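Peer 1: Dumping the structure here so I can ask a few things about it.
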Amino acid sequence: MNFPILSSLILLPIVGALFLFFTKDKEGNNLTAKYVALFTTVVNFLISIYLWISFDQSTSSFQFVEDRVWIEGFINYKVGIDGISILFIILTTFITPICIISVNNSVKNRLRDFLIAILIMESFMIGVFCALDLVVFYLFFEAGLIPMFLIIGIWGGERRVYSAFKFFLYTLLGSVLMLVAIISIYWITGTTDVVQLYEIGIDVKYQNLLWLAFFSSFAVKTPMWPVHTWLPDAHVEAPTAGSVLLAAILLKMAGYGFIRFSLGLFPIASEVFTPLIYTLSVIAIIFTSLIALMQEDMKKLIAYSSVAHMGFVTLGIFTLQQQGIEGSIIQMISHGLVSAALFLTVGVVYDRMHSRLISTYGGLVSVIPKYSILFMLFALASLGLPGTSGFIGEFLILMGAFKDNFLVAFIASIGVILGAAYMLWLYKRVIFGKLINKDLKTILDLNRSEYFILSCLAAPILFFGFYPDPLINTIEVSVTDLINMHNTNIASK
Amino acid sequence: MENLNLVLPEIFISLSIMFLLILGVFKKNSSKITFNLSLFTILITAIITINETFSVSRETLFNESVVIDIMSSLMKIITLIGGFLVLVISSSYLKTFKIYNIEYPVLILSSILGMMVMISSNDLIVFYMGLELQSLALYVLATYNRDQLKSSEAGLKYFVLSALSSGLLLYGCSLVYGFSGSTNFDVISNQLNSNEYVLTFGIVFILVGLAFKISAVPFHMWAPDVYEGSPTTVTLFFTIVPKIAALTVFIRFLYVPFLNLIDQWQMIIIFLSIASMVFGAVAAIGQTNIKRLIAYSSIGHIGYTLAGLATASNEGIQSSIIYISIYVVMNLALFSCLLMLRRKDQYYENIEDLSGLSKNHPLLSLCLLVILFSLAGIPPLAGFFAKFYVFKAVLEQSMFFLAIVGLLSTVVAAFYYLRIIKIIYFDKEKDKYDTDHSLWLKFSLTVSTILILLYFIFPSQLIEVVSRINII
């Protein structure tokens, strides 16, 4: 066996966290801790880039597979990646160092503990994306609740306790049914190994119930309407870095799960429940966009826009078309970058003014121009302007949807307009208009580190907007094979 | 001639108890030496148990009234380890309340002896003797802090209710004896094939008595009061050690004499299990005293162990045993934390007293965090695996309702564990607690926390040991 590169990706942040655990916690600005965490995550990012370079794009079989006996005769610790998961891993390793750089102002006390939580979170998230065994997947999927609960609860805003509890209990409630389904799959087929399950297939008569059990977990995590209500609370109360992790990566676990497990393991049931997903997605797109229009809190607005965007993602996945699924994956990556950037931009003014209300601001363009330009870029990327990564994803999803169901695609397209409406209106109210609030006159423009992280996010958004080939090439073969497998399964039944 | 080596642990521990009593009477101020000698006794007993009986696959003694098999050896060892650790971390608590006397270790030893007899019993009379020996010792232990009103109340309550349940149990035993004509489990198993009404009564009475001993709903009423009133170290003893013995007896009753009557008892066990899981989760939410909360949480955990027993399969029994072993470790860790909440010779046991603990005592809070998340069953901690094995066994028998209700009640239970974590981590801090804890207390906390935290790395070892238990 080669060097266990995926396990080292998972373990490295934990090693960093252990190292931090044994250093002394200093009050105030704990630079050493920050550098240690940053170093760990940057190394992790470089490893994942190496992974991408040495990744073979011409095959859809799993690569860098590690398979070890874990519980004798029952579960193997099995990890591996294909074209779909590698992008999420890179997204994770890319966003985490940005979170760590951004914690300058938002986290005042117990910085070391905060960094430990983020590092542990990172390794769980990477674990989710490369697990090839259902139990291992579940383990990572659930374990992520612990650090996130603490991040929201300890370092969050005023209603942090309520939000943390809501986040934890909602997600746990969704997941326990998935556990029942996983164990049932073990008893039905005799294995929990995803690759083997792809080959064996699961008996049709069980598929619907199992699909629903997985759905209950993923729907909460995505989040889909009507179980999305934990998200605005969690986003608003979490510290900036926490919101970024939540929006950029945690939400993607569910989308990834839909592709990997719901589509891959239960093809027939996926076909059966497509109308359900379509309905919920369309409601999510239209309904939450309308809610977003009415928000007065910037973070809440972005949170609702996340729900709407994830509605596009679920819609795209269940079109079961090449374009739809590819579009969903790209939309998830793009949303990961854009929502992270938007939360960071909100974080920038929040650190200065300690208000998230839109009405506090107005006329910022004349005092902080650099900030305004970057904010504009991210707002436009969020509404899917051509030339940004947001466009590619939405466009592909709608293309897939039009192929499959005209009405749904048509309604979803209205959602694009609504998306433009709330984003532009937000931008107008915050950046343009008269400078009424006197405190804003002395507000400082982006400092160096803020400028750096926002540019880091802006670069891939623009790059992939103009040149999405690297992304599409990576996922193409895997998605094609997934759809082929799906179609043969349907045809054979 | 019987092979007495197999009951050598019991013989040794009874001789030691007598010796310690004599020593205590004739030597003044001998509490310290009795304590140490009792610890020594438990250690030696454990070693003898491992040496003499662990390799025996199944032997019976004394007209088949005592059985030595893998399950009995394993459960005895868990009991002994539990007893040892309880005894070793009690001393500073007892000294604070000035009840550091010779009776305490002797009583603990006698109840352990009773449990060992229970665990090995293969006969109604032997079983009942063991049960009474352990119960009588436990009544006294509950009232051990006799200057406190609550402690006396707890003892009395426990005595009255427990006597009632013993009565029911005995009545059930006599009914079973009447129908089978024998007190021996194996003989009963062969005789009981009929579906007589009255026999069902016998089984129900026996199950009620046993359910009382492990505090399964609806026979749990005594647990919160007794747990709250008893001295904390005795509560710790209550929550772990008797449960191991009672669970073993439960397994033996269900799967040896009553195996053929599975239709009669399976529904009862499922009901007990669901009721305990749900009630334990819901009732714990409103508690303000940690010991009461632990009482309800232990009721819930017993529900999960019973879920494993309800499956009527070897996997189910094994998963229950794994569950109870992990539960013992978690409870030991939790109580070690509780015993650390001491400020100037006063122990604190309200949930509010934990407020903001993480600022003054980061390590202690971290341990509590791990323990509580593990109790809530969140992966990758040990508590998750315990639940996982149980539900794996339950789902093997396609008992979906039981599994789903159980898992949903873990979500409810998660709420009150989270509430404690919230108080520790999110709330305002209070005064510092003392940090000069005994070495043993720190040791037991550290080791058990590490076991909980790192169990996921080597989960196979425990399964390997337990998978040798094949009752059916």
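Peer 1: Only one of B:L124, B:L61 is farther than 30 Å from B:D147 by Cβ, crowded, with 21+ Cβ neighbours inside 10 Å and touching a residue at least 12 places away in the same chain (Cβ under 8 Å); which?
Peer 2: Numbers: B:L61 fails: crowded, with 21+ Cβ neighbours inside 10 Å.
Going through B:L124, B:L61 in turn, the sole match is B:L124.
Peer 1: Can you tell me how many residues in the range A:412-444 are of a type in the set (V, I, T), surrounded by 18 or more Cβ atoms within 10 Å (Cβ to Cβ) and in contact (Cβ under 8 Å) with a residue 60 or more places away in the chain?
Peer 2: Qualifying residue count, the range A:412-444: 2.
Peer 1: How many of the residues making up the range B:244-265 are assigned to a helix (DSSP H, G or I) and more than 22 Å from the chain's Cα centre (by Cα)?
Peer 2: Of the residues in the range B:244-265, 7 are assigned to a helix (DSSP H, G or I) and more than 22 Å from the chain's Cα centre (by Cα).
Results for (1) part of a helix (DSSP H, G or I); (2) within 17 Å of A:V348 (Cβ to Cβ), shown as yes or no for each residue.
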residue	(1), (2)
A:A379	yes, yes
A:P386	no, no
A:I397	yes, no
A:L418	yes, no
A:I436	no, no
A:L457	yes, yes
A:P460	yes, no
A:F464	yes, no
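Peer 1: Mind listing whichever residues of the range A:155-193 are in contact (Cβ under 8 Å) with a residue 40 or more places away in the chain and closer than 15 Å to B:L372 by Cβ?
Peer 2: Across the range A:155-193, the qualifying residue is only A:A164.
Peer 1: Another question, if that's okay. Checking A:F19 against (1) in contact (Cβ under 8 Å) with a residue 60 or more places away in the chain; (2) more than 14 Å from chain B (Cβ to nearest Cβ): exactly one of these is not met. Which one?
Peer 2: (1)
For every residue, the table says whether it meets (1) in contact with a strand residue (DSSP E or B) (Cβ under 6 Å, 6 or more places away or on another chain); (2) under 12 Å from A:C130 (Cβ atoms); (3) of a type outside the set (A, V, I, L, M).
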| residue | (1), (2), (3) |
| --- | --- |
| A:V43 | no, no, no |
| A:L51 | no, yes, no |
| A:Q57 | no, no, yes |
| A:V65 | yes, yes, no |
| A:K78 | yes, yes, yes |
| A:I89 | no, yes, no |
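Peer 1: I need the full set of residues from the range B:352-374 which are in contact with a Leu (Cβ under 7 Å, 6 or more places away or on another chain) and within 30 Å of B:Y389 (Cβ to Cβ), in order please.
Peer 2: Once the filter is applied, which keeps residues that are in contact with a Leu (Cβ under 7 Å, 6 or more places away or on another chain) and within 30 Å of B:Y389 (Cβ to Cβ), the range B:352-374 yields B:L364, B:S365, B:C367, B:V370, B:I371, B:F373, B:S374.
Peer 1: Can you tell me which residue within the range B:379-395, out of those that are over 12 Å from A:V180 (Cβ atoms), within 9 Å of chain A (Cβ to nearest Cβ) and of a type outside the set (A, V, I, L, M, F, W, C), is surrounded by the most Cβ atoms within 10 Å (Cβ to Cβ)?
Peer 2: Applying the filter and picking the extreme gives B:P379.
Peer 1: A further question on this structure: Quick one: B:Y348 ticks every box in (1) crowded, with 17+ Cβ neighbours inside 10 Å; (2) over 17 Å from A:F168 (Cβ atoms) bar one, so which box is it?
Peer 2: B:Y348 satisfies all of (1) crowded, with 17+ Cβ neighbours inside 10 Å; (2) over 17 Å from A:F168 (Cβ atoms) except (1).
Peer 1: Within the range B:173-202, how many residues turn out to be assigned to a helix (DSSP H, G or I) and farther than 24 Å from B:T60 by Cα?
Peer 2: The total comes to 7.
Peer 1: I'd like the full set of residues that are surrounded by 18 or more Cβ atoms within 10 Å (Cβ to Cβ) and within 14 Å of chain B (Cβ to nearest Cβ), limited to the range A:192-211.
Peer 2: Of everything in the range A:192-211, those that are surrounded by 18 or more Cβ atoms within 10 Å (Cβ to Cβ) and within 14 Å of chain B (Cβ to nearest Cβ) turn out to be A:T192, A:L210.
Peer 1: Looking at (1) buried (at least 18 other Cβ atoms within 10 Å of the Cβ); (2) under 27 Å from B:I68 (Cα atoms); (3) small (G, A, S), which is the only condition B:S14 fails?
Peer 2: (1)
Peer 1: Right, next: Out of the range B:413-423, which residues are more than 9 Å from chain A (Cβ to nearest Cβ) and either surrounded by 23 or more Cβ atoms within 10 Å (Cβ to Cβ) or within 17 Å of B:S297 (Cα to Cα) (or both)?
Peer 2: Selection gives B:A413, B:Y416, B:Y417, B:I420.
Peer 1: Looking at the structure I just gave you, is A:T171 of a type outside the set (A, V, I, L, M) and more than 12 Å from every other protein chain (Cβ to nearest Cβ)?
Peer 2: no
Peer 1: Something else now. Could we say that A:F114 is buried (at least 24 other Cβ atoms within 10 Å of the Cβ), out of contact with any His (no Cβ under 7 Å at 6 or more places or on another chain), of a type in the set (F, W, Y) and farther than 27 Å from A:F261 by Cβ here?
Peer 2: Criteria met by A:F114.
Peer 1: Within the range A:477-485, is even one residue loosely packed, with under 15 Cβ neighbours inside 10 Å and of a type in the set (D, E, K, R)? Write out each step before concluding.
Peer 2: First, the residues of the range A:477-485 that are loosely packed, with under 15 Cβ neighbours inside 10 Å: A:484.
If we keep only those that are of a type in the set (D, E, K, R) as well, we get none.
No, that holds for no residue.
Only the coordinates and a few stated rules stand behind these numbers; no lab work does. Predicted model only: the values in this text are computed from it and were never measured. Note that we place each Cβ from the backbone using ideal geometry, even for glycine, and neighbour counts take in every protein chain shown.
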